[in-house]
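The values are calculated or read from the model by the stated rules, or taken from the named source; none is laboratory data. As the structure is a computational prediction, the values presented were derived from the model and not from experiment. Quick reminder, even Gly has a Cβ in these numbers, built from the backbone with ideal geometry, and neighbours come from all protein chains shown.
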């Protein structure tokens with residue numbers, strides 16, 4: 001928690017710093033007014049969002065979606081890019097300034113004759129520097145809001161050694177990271193239910209983050225899950241976002257809903273007359289340097305429930321559970337959490353590989369397979385090369 005407060009404090013400090021820098025970039029009063037309005041709105045909006053979550057008042061949900069998206073984009077993308085650009089440019093600008101001072105001393109007549117042109121150019125650059133961050137933020141916000149209503153169906157065929165012959169051709173709708181709430185609501189969720197039901201998959205498996213954070217959206221999330229219509233079975237596990245506001249209350253209410261909810265538990269589904277064991281991993285709440293080891297211990301503990309005579313599938317929100325699952329010879333693990341990296345330059349460069357060993361698609365270790373979904377919902381409004389998705393799996397016996 002202290003780390004989060006440090007990040008928030010840094011955001012406020014950078015807001016004030018860049019407010020001062022951008023306002024001083026030009027003498028044009030209307031530009032300064034524009035920058036001031038933008039920065040006041042961003043700072044006040046951040047205070048509003050944080051106070052709403054900190055005191056659980058629900059204030060944060062009163063903000064329009066466009067305003068909330070703009071606040072997220074500015075503080076999680078704009079500030080960082082602007083600060084990184086400044087750090088890169090400062091040495092260059094210092095050298096240019098030193099060269100300019102040296103030339104003025106040697107060529108005062110030329111400096112006087114070019115003074116007007118230099119001033120005009122400097123004023124243009126100042127105006128551009130001042131208005132670019134707000135305009136870029138607002139443009140990205142418009143693009144982001146259009147993205148929030150779209151997802152793809154990603155169809156994958158997974159070859160599994162020792163798959164029981166009767167399970168050859170079994171289909172699974174893998175639904176992850178719905179994030180019902182701030183940025184995922186309404187039409188896109190109804191469309192998600194329609195598409196999943198049209199897939200007519202044998203199993204519908206949900207790998208966590210049903211809600212974004214607020215328990216006020218949990219009833220809607222539960223109704224959406226109830227509207228899903230698998231042919232043979234549906235199972236749900238929890239993710240980290242589900243536990244943000246009140247973990248025990250989330251777990252109690254989902255259990256009470258009657259939805260098959262696996263908290264370090266297993267269940268047997270009959271698929272084409274063959275038993276399939278679903279093992280659901282709870283979110284590992286230990287953070288820090290030993291988080292992966294804590295996940296592995298949780299996996300090993302859960303797999304003590306594994307029945308050797310039944311085909312097993314592990315549901316684990318965090319994909320790093322795959323390490324322990326592969327060591328134990330689990331044939332199939334389904335995960336989410338990563339959002340496909342959220343912001344990716346291409347398939348191999350971006351936040352995905354920077355933060356996770358497995359971030360999107362199919363991974364293989366020995367005879368074990370991992371499927372990581374990009375997720376159908378959003379906690380953050382911008383995706384780049386990491387589209388929201390539902391995954392339709394077809395299991396095939398590897399010869």
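Taking the stretch 25-35 on its own, how many of its residues are exposed (fewer than 11 other Cβ atoms within 10 Å of the Cβ) and outside any helix (DSSP H, G or I)? Walk me through it before giving the result.
Applying the first criterion (exposed (fewer than 11 other Cβ atoms within 10 Å of the Cβ)) to the stretch 25-35 yields 27, 29-30.
Narrowing the set further to residues that are outside any helix (DSSP H, G or I) leaves 27.
Count: 1.
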**Q.** The lone exception for residue 346 - which of (1) surrounded by fewer than 18 Cβ atoms within 10 Å (Cβ to Cβ); (2) touching a strand residue (DSSP E or B) at 6+ places or on another chain (Cβ under 6 Å); (3) part of a loop (DSSP other than H, G, I, E, B) it fails
**A.** (2)
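Residue by residue, here is whether (1) outside any loop (DSSP other than H, G, I, E, B); (2) out of contact with any strand residue (DSSP E or B) (no Cβ under 6 Å at 6 or more places or on another chain); (3) at negative phi; (4) in the same structural domain as residue 234 (by TED's automatic domain parsing) holds:
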| residue | (1), (2), (3), (4) |
| --- | --- |
| 277 | yes, no, yes, yes |
| 286 | no, yes, yes, yes |
| 298 | yes, yes, yes, yes |
| 302 | yes, no, yes, yes |
| 309 | no, yes, yes, yes |
| 333 | yes, no, yes, yes |
| 353 | yes, yes, yes, yes |
Q: Say whether the condition of being over 17 Å from the mean Cα position of the chain (by Cα), in the same structural domain as residue 240 (by TED's automatic domain parsing) and without any contact (Cβ under 8 Å) to a residue 24 or more places away in the chain is met by at least one residue in the stretch 213-220.
A: yes
**Q.** Cβ-Cβ under 8 Å pairs, at least 6 apart or on other chains, the stretch 25-37 side without any contact (Cβ under 8 Å) to a residue 40 or more places away in the chain, far side buried (at least 16 other Cβ atoms within 10 Å of the Cβ)
**A.** 36/19; 36/23
Q | Members of the stretch 315-329 found to be over 22 Å from the mean Cα position of the chain (by Cα), buried (at least 24 other Cβ atoms within 10 Å of the Cβ) and closer than 21 Å to residue 268 by Cβ, listed by number | A | 325
Q: Among the residues of the stretch 52-98, write down those that are at pLDDT 80 or above and farther than 29 Å from residue 149 by Cβ.
A: 83, 84, 85, 86, 87, 88
Q. Which of (1) over 23 Å from residue 142 (Cα atoms); (2) touching a residue at least 12 places away in the same chain (Cβ under 8 Å) does residue 61 not meet, given it meets every other one?
A. (1)
Q: Report, by residue number, each residue of the stretch 166-198 that is over 23 Å from the mean Cα position of the chain (by Cα) and part of a loop (DSSP other than H, G, I, E, B).
A: 168, 169, 170
Q | Members of the stretch 311-325 that are assigned to a strand (DSSP E or B) and touching a residue at least 60 places away in the same chain (Cβ under 8 Å) | A | 311, 313, 315
Q: Could you tell me whether the stretch 367-384 includes any residue that is at pLDDT 95 or above, buried (at least 22 other Cβ atoms within 10 Å of the Cβ), in a loop (DSSP other than H, G, I, E, B) and at positive phi?
A: yes
Q.
On the basis of being closer than 30 Å to residue 77 by Cβ, in a loop (DSSP other than H, G, I, E, B) and either at pLDDT 95 or above or over 13 Å from the mean Cα position of the chain (by Cα) (or both), does residue 337 make the cut?
A. yes
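Yes or no, residue by residue, for (1) part of a helix (DSSP H, G or I); (2) more than 30 Å from the chain's Cα centre (by Cα); (3) surrounded by fewer than 13 Cβ atoms within 10 Å (Cβ to Cβ):
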{"position": "5", "(1), (2), (3)": "yes, no, yes"}
{"position": "9", "(1), (2), (3)": "yes, no, yes"}
{"position": "15", "(1), (2), (3)": "yes, no, no"}
{"position": "23", "(1), (2), (3)": "yes, yes, no"}
{"position": "37", "(1), (2), (3)": "yes, no, yes"}
{"position": "41", "(1), (2), (3)": "yes, no, no"}
{"position": "45", "(1), (2), (3)": "yes, no, no"}
{"position": "52", "(1), (2), (3)": "yes, no, no"}
Q) Out of the residues in the stretch 161-184 that are buried (at least 18 other Cβ atoms within 10 Å of the Cβ) and out of contact with any strand residue (DSSP E or B) (no Cβ under 6 Å at 6 or more places or on another chain), which is modelled with the lowest pLDDT? A) 182
**Q.** Residues that are loosely packed, with under 14 Cβ neighbours inside 10 Å, out of contact with any helix residue (DSSP H, G or I) (no Cβ under 9 Å at 6 or more places or on another chain) and farther than 12 Å from residue 310 by Cα, drawn from the stretch 256-271
**A.** 256
Q) Taking the stretch 274-305 on its own, how many of its residues are within 18 Å of residue 209 (Cβ to Cβ) and within 22 Å of the chain's Cα centre (by Cα)? A) 9
